[in-house]
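Colleague: This is the structure I have questions about; it appears just below.
The values are calculated or read from the model by the stated rules, or taken from the named source; none is laboratory data. Everything numeric in this text was worked out from a predicted model, so none of it was measured. Glycine gets a Cβ as well: all are built from the backbone with ideal geometry, and neighbour counts include every protein chain shown.
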Amino acid sequence: MKSDATLGRDVEQELSRDPAGAAIAIEAADGVVTLTGTVDSMAERRAACGAAWSVKGVREVVDRLTVS
């Protein structure tokens, strides 16, 4: 199992593929990734959650993103 720090970095790297990902804060603990911040659309919100889920080691994604 990945460490929380490694998992957080991996999710951050995946989110950085989209410019909107820069405004998203990431917390990782025991395979649970929490995303917080503001995005411009529901499509960006879905994309961010999908990107987090795509990272190996993620067991759950908690979506605390808001759409502006």
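Colleague: So which residues in segment 31-40 are under 12 Å from G21 (Cα atoms) and not in a strand (DSSP E or B), if there are any at all?
Modeller: Looking only at segment 31-40, we keep the residues that are under 12 Å from G21 (Cα atoms), and these are 35-40.
Correct list: D40 only.
Colleague: Within segment 32-68, track down each residue that is surrounded by 14 or more Cβ atoms within 10 Å (Cβ to Cβ), within 16 Å of L7 (Cβ to Cβ) and of a type in the set (G, A, S).
Modeller: Once the filter is applied, which keeps residues that are surrounded by 14 or more Cβ atoms within 10 Å (Cβ to Cβ), within 16 Å of L7 (Cβ to Cβ) and of a type in the set (G, A, S), segment 32-68 yields A48, A51, A52, G57.
Colleague: Does A20 satisfy being touching a helix residue (DSSP H, G or I) at 6+ places or on another chain (Cβ under 7 Å), among the aliphatic types (A, V, I, L, M) and at pLDDT below 95? So that I can check it myself, show each step before the final result.
Modeller: Details: touching a helix residue (DSSP H, G or I) at 6+ places or on another chain (Cβ under 7 Å): yes; among the aliphatic types (A, V, I, L, M): yes; at pLDDT below 95: yes.
It is true that A20 is touching a helix residue (DSSP H, G or I) at 6+ places or on another chain (Cβ under 7 Å), among the aliphatic types (A, V, I, L, M) and at pLDDT below 95.
Colleague: Taking the residues in segment 1-56 that are without any contact (Cβ under 8 Å) to a residue 12 or more places away in the chain and closer than 22 Å to S68 by Cα as candidates, determine which candidate is nearest to the chain's Cα centre (by Cα).
Modeller: Only one residue tops the list, namely G50.
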